[in-house]
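FYI, it's all coordinate maths here, none of it is from the lab. Because the structure is a prediction, the values reported are computed rather than measured. We place every Cβ from the backbone using ideal geometry, glycine too, and count neighbours over all the protein chains shown.
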Amino acid sequence: MRLHFRGVVLPEGELRDIWVRDGVISYEPIADADTVHASGWIVPGLVDAHCHVGIKYGGGDEDSAGAVAQAEVERDAGALLLRDAGSPIDTRFIDEREDLPEIIRAGRHIARPRRYIRELGIELDDERDLPEIVAEQARRGDGWVKIVGDWIDRSVGDLAPLWSDAILKEAIDAAHREGARVTSHVFGEDALYGLLEAGIDCIEHGTGLTDDTIEMMARNGTALVPTLINIDTFPEIADSAGKFPIYAAHMRDLHRRSRETVAKAHDAGVPIYTGTDAGGSIPHGRIADEVAALSGAGFSNHDALGASAWNARTWLGRSGIEPGARADFIVYQQDPRLDLTALTTPAWVVLRGHVYDRRDPVTAYR
């Protein structure tokens with residue numbers, strides 16, 4: 001398969017010719033290549049760095065057909081690299097499909113009994129088992145492990161940490177010895193100190209960040225995936241928590257200041273990447289909405305797009321648009337740096353060198 005594209009390639013912004021042969025990018029002309037298009041803006045495949053392929057929208061486990069459908073929706077939206085931040089099913093069969101996005105898996109959520117969504121993760125009766133289970137999930141995953149850092153504690157009626165600081169240090173060290181990075185679900189303030197002191201690599205959501213913990217993240221190089229479109233469900237969560245008024249008020253306050261919190265983290269130099277939290281309460285295919293949400297938190301359009309494209313791919317160890325890289329990119333007919341709504345209407349999605357014409361109902365170009 002020999003293909004030719006021409007357009008403004010981001011992030012550099014240079015008008016360039018790109019050739020593709022056998023799913024690999026070349027800047028050198030390839031004879032007899034078919035020109036797919038000769039104008040537009042070419043962006044590295046977008047990244048949804050926090051999603052859940054295998055969790056039904058509305059809750060419950062997906063079957064294999066449902067997981068495939070979720071991955072197809074992500075592909076059609078231009079999200080060609082997914083970091084699965086916890087799934088109850090084994091989705092490795094998707095790796096065999098050239099027509100579906102690459103998934104980087106973090107294994108299953110690790111939590112305590114009655115301290116997370118029931119039956120979704122691994123529940124530990126004794127926190128002393130955490131280092132062993134983290135090491136096991138590190139060996140089974142794709143370089144990431146997911147710990148639930150806080151959740152509502154019904155005995156106190158509010159968010160509270162799940163783990164002691166000492167056991168977090170042991171667990172994160174165990175993952176690092178296995179060559180894996182660790183991320184953690186955190187809504188509130190109190191769990192952040194122990195996780196950051198223990199050397200956590202990434203924080204999911206991070207709505208409870210304060211000036212002090214933002215400074216710790218910036219100093220440590222800890223990444224943040226704020227999942228802003230999921231944070232927008234906090235008022236609804238609070239409305240359903242009538243038995244726990246302190247928790248409900250806390251969730252509303254975290255939502256109220258969420259954009260300001262992300263803006264402060266960005267200004268402090270915390271690395272920030274896009275994640276929708278699709279699966280469960282958020283449907284798949286909303287990466288464009290999350291990029292727009294970062295713009296609403298003070299990012300320039302260029303920086304918001306970078307958090308979902310070139311910067312996110314580098315963070316996850318994947319290439320952008322360069323010679324020898326896999327041909328995973330999107331072509332837009334408008335410049336997304338001028339108007340982020342262009343991300344909602346990709347013209348062509350190129351995945352492993354296969355072209356999907358999104359101007360019409362999705363069909364493989366060849």
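A few notes on this one:
- For the stretch 1-97, taking Cα atoms only, Rg and Dmax work out to 17.1, 50 Å respectively.
- Column: log10 I(q)/I(0), Debye, Cα scatterers of the stretch 86-138, q = 0.16, 0.20 Å⁻¹: -0.56, -0.75
- Largest GNM mean-square fluctuation across 42, 133, 147, computed for the chain with C-alpha springs under 10 Å, falls on 133.
- Kirkwood hydrodynamic radius of the stretch 1-53, from inverse mean 1/r over distinct Cα pairs, in Å: 12.2
- DSSP-defined antiparallel bridges as percent of all bridges, the chain, nearest 5: 50
- The stretch 1-95: GluC sites (Glu not before Pro) falling in loop per DSSP and having at most 12 other Cβ within 10 Å: 12
- Dimensionless Rg over Rh [the stretch 56-188; C-alpha; Kirkwood]: 1.00
- For the stretch 256-326, the Rg and Dmax computed from alpha carbons only, in angstrom: 13.3, 45
- Estimated Rh, the stretch 151-220: Kirkwood, alpha-carbon pairs, angstrom: 12.5
- A viscosity of 1.306 mPa s and a temperature of 10 °C, combined with the Kirkwood radius over C-alpha pairs in the Stokes-Einstein formula, give the stretch 244-287 a diffusion coefficient of 126 µm²/s.
- Percent breakdown of C-alpha pair distances by 5 Å bin, ordered from the shortest bin, for the stretch 56-96: 5, 20, 34, 30, 10, 0
- Against the rule of thumb 2.2 N^0.38 Å, how large the Cα Rg of the stretch 154-280 comes out: 1.06
- Kirkwood estimate for the stretch 289-347, i.e. one over the average of 1/r between Cα atoms, Å: 12.2
- Over the stretch 33-89, the hull volume per residue, using the convex hull of the C-alpha atoms, is 112 Å³.
- Label-point gap, in nm, between residue 267 and residue 325 - each point 7 angstrom along Cα→Cβ: 3.2
- Segment residue 16..residue 281, full-extension length gain: 91.4 nm, with 0.36 nm per residue of separation and the alpha-carbon distance subtracted.
- Surface/4 estimate of mean projected area, convex hull on alpha-carbon atoms of the stretch 134-191, nm²: 4.1
- Compared with the direct C-alpha span, the chain from residue 156 to residue 61 gains 31.2 nm at full extension, assuming 0.36 nm per residue.
- Centroid-to-centroid separation of the stretch 163-237 and the stretch 266-287 [C-alpha atoms, Å]: 14
- Förster-model FRET efficiency, 30 Å R0, residue 1 and residue 339, C-beta, rounded to 0.05: 0.40
- Inter-label distance for residue 69 and residue 256, nm, one decimal - labels placed 7 Å from Cα along Cα-to-Cβ: 4.0
- Considering the chain at the alpha-carbon level, its Rg and Dmax are found to be 20.5, 70 Å.
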